[in-house]
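Only one structure is covered here, and it is reproduced in the block below.
The values are calculated or read from the model by the stated rules, or taken from the named source; none is laboratory data. Small disclaimer: the values here were computed from a predicted structure and weren't measured. Here Cβ is always computed from backbone atoms with ideal geometry, including for glycine, and neighbour counts include all displayed protein chains.
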Amino acid sequence: MIALIVLIALALLVLGFEMFLVLLVPALATKTLFYANLPDVALIQKMVGGINHSTLLAVPFFILAAELMGSGQIANRLTHLVKSLLGHSRGGMGHTVIGGSMAFGSVSGSAPATVAAMGRMVYPEMRSNGFSERFSLGLLVASAETALLIPPSITFIIYGWMTGTSIARLFAGGLAIGLVLGIAFALLVSWEARRQGLPAAGRATTAERFAALRSATWALGMPVIILGGIYSGIFTPTEAAAVSVVYAIVVEMLVYRNLSLRQLADIVEASALSTAIIFVLLAMGGMLSFFVTLAQVPQHISEFLVAIDAGPVTFLLAVNLCFLIAGMFIDPNSALLILVPPLFPVATSLGVDPVHFGMIVSLNIGLGMITPPFGLDIFVASSTLNKPVATIISGVWPFVLANLVVLMIITYIPGISLFIPSLLFS
């Protein structure tokens, strides 16, 4: 039965079927051939029950908040503040891209939204500051990955819902992982700036920095409300997501006066479409996960690992390889839905902390979004900036290698992932 699920899914994937069919058809085939007595209504219950969870309400709210901020002034003012603080260093615009992506990620939780928002703002300045086209595009695509790690993160919300792991603890762990990845990318920027002999820019004056801070005061209120509310216990992550939408609308429409009712309606429509795509995949994945559990896939994996005398080190290496391969060919949410249900029980049985495993999974998901040939963020950058996909792919490889190094560090030094959660929730 396991072989049938895998073979059907691979065949549909190779033939170019939509991802919801890649998840749906193997489940229906398994039900027809092996569980014919299972009532059809049970499949509907698994699909609807799989997304009927209050935690998942955070997903559409954070998607809408990201769209509002990307279309309005919040993202622009946050980036301007980061530039005033970092822009004077050698390769300062590159550091600004990284810091700006982390700042935008701290209020959006969406990597594609970060690519679209940051690309329009900073790509022309990177080019005018001397960075090559390939490096500029690669940095824009890769830096957006930090949005999946710096809380709030939609990936953490979905992983927490699937595994029952505390989303607040996942958010706390993501702070450290996002910073480590950002530092790795900053080192690449510094190396590239020295290699090209780029000069340091003029340092912003104290007055200019205070002006940028005043301009971004309302924008900075967003991460303070989201993270402060969650960690102080005032909000749940779902409630924080809803508050972020209200805050973004008030700031963009009433304070910055940058958003009309017509634009708001268009943004809500685009967000609804993005939400529908994600939830259809979640529903299909929930049903497939049901049959994976019935097939006792986690138990079979555990038995295989025992038979070859494999421990956590070998298992986590295999996890990274599975996600790396999957990330090359399927979208990140699908990889999450397919791989986590069978692998998570094995990880916990081997003593891997659920938060640590979540960091490994999320970093792999982010890597998949920038890995050719089908990295989602690559195509978002291509459509946003009207640049050839091949050019973006050629520029993203150094960042993929840096990402792999960080992934190995995070995988085998769990203390990095668990340090902040242990401080906040001891």
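Scanning the stretch 358-384 for residues that are modelled with pLDDT of 80 or more and either surrounded by fewer than 21 Cβ atoms within 10 Å (Cβ to Cβ) or on the phi > 0 side of the Ramachandran plot (or both) turns up just one, S382.
Among residues of the stretch 175-194 that are in contact (Cβ under 8 Å) with a residue 40 or more places away in the chain and surrounded by fewer than 21 Cβ atoms within 10 Å (Cβ to Cβ), those with a Cβ under 7 angstrom from a residue that is outside any helix (DSSP H, G or I) and of a type in the set (V, I, T), sequence gap 6+ or separate chain, pair up as L175/I150. Of the set (1) in a loop (DSSP other than H, G, I, E, B); (2) farther than 27 Å from V141 by Cα, all apply to L259 but (2). A Cβ distance below 8 Å, combined with a sequence gap of six or more or placement on separate chains, defines the contacts here; from the stretch 101-121, residues that are within 14 Å of E145 (Cβ to Cβ) and surrounded by fewer than 24 Cβ atoms within 10 Å (Cβ to Cβ) reach residues that are modelled with pLDDT of 75 or more and of a type in the set (D, E) in the pairs P112/D377. For E252, the conditions (1) buried (at least 17 other Cβ atoms within 10 Å of the Cβ); (2) at pLDDT 85 or above; (3) more than 21 Å from P112 (Cα to Cα) all hold with the exception of (3). Look at the stretch 128-147: where a residue is outside any helix (DSSP H, G or I), no partner that is at pLDDT 85 or above sits 6+ places away or on another chain with Cβ atoms under 6 Å. Suppose the filter is of a type outside the set (A, V, I, L, M), closer than 25 Å to L418 by Cβ and at pLDDT below 85; does P354 pass it? Spelling it out, it is not the case that P354 is of a type outside the set (A, V, I, L, M), closer than 25 Å to L418 by Cβ and at pLDDT below 85.
Quick check on the stretch 52-75: of everything there that is crowded, with 23+ Cβ neighbours inside 10 Å and not hydrophobic (A, V, I, L, M, F, W, C), which residue is modelled with the highest pLDDT?
Applying the filter and picking the extreme gives E67.
Only one of T146, T79, T165, T155 is closer than 25 Å to A240 by Cβ and surrounded by fewer than 23 Cβ atoms within 10 Å (Cβ to Cβ); which?
It is T165.
Residues that are in a helix (DSSP H, G or I) and among the polar types (S, T, N, Q) within the stretch 385-418 comprise T391, S394, N403, T411, S417, listed in sequence order.
Consider F344 carefully, then state whether it is touching a Pro at 6+ places or on another chain (Cβ under 8 Å), over 27 Å from Y123 (Cβ atoms), crowded, with 21+ Cβ neighbours inside 10 Å and not basic (K, R). It is true that F344 is touching a Pro at 6+ places or on another chain (Cβ under 8 Å), over 27 Å from Y123 (Cβ atoms), crowded, with 21+ Cβ neighbours inside 10 Å and not basic (K, R). Here I278, I249 are screened, and the one residue that is farther than 30 Å from N37 by Cβ and either under 22 Å from the mean Cα position of the chain (by Cα) or not in a helix (DSSP H, G or I) (or both) is I278.
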